[in-house]
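In what follows, a single structure is set out as structure tokens and then discussed.
All of the numbers you see were taken from the coordinates with simple rules; none came from a lab. Please read all numbers here as calculations on a predicted model, not as lab measurements. Positions of Cβ are generated from backbone atoms using ideal geometry, with glycine treated the same way; all protein chains shown enter the neighbour counts.
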Amino acid sequence: MPFLAGLLDEIEALHPGLETARATNELVRRVITRFVEGVIVESQARLAALAPADADAVRRAGRPVIAFPAAITRADAEIKAFLYPSRRSAATRRRWCATSSRASGPIPA
């Protein structure tokens, strides 16, 4: 999961050797921050492009005006696929574990 790996790399660079519990807390904070920042930036861009005169213009926009950017949508899907294994195949789990630089231990079934 490149999104999480990038955040973990940031944390390690800023806080080398940080204990697992604190690194986990920092990872959660960074995930939330990136998701919130992403939705704000994407929504501002969509609103600027639409330039609605009123609420009815937003209702007629034809697509959501408030949304995550594509990169965050992909990261969200990757995280959910990892967290909810019943929703992904064994082949997907093996592929993720084989390509993840953070994978350790046996490959999950």
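Points to keep in mind about this one:
- Estimated inter-spin distance, T20 and R74, nm [label 7 Å along Cα→Cβ]: 3.0 nm
- With the cut-off at under 20 Å, measuring from each backbone N in the range 29-49 to a point 7 Å along the Cα-to-Cβ line of I66 picks out 32-49.
- Only alpha carbons enter this Debye calculation for the range 21-84, each as an equal point scatterer, and the log10 of I(q)/I(0) it gives at q = 0.13 Å⁻¹ is -0.48.
- Unit charges at the beta carbon, dipole of the range 1-93: most positive-side option, N25, F82, A49: F82
- Restricting the trypsin sites (Lys or Arg not before Pro) of the range 1-84 to loop positions (DSSP other than H, G, I, E, B) with no more than 16 neighbouring Cβ atoms within 10 Å leaves R60.
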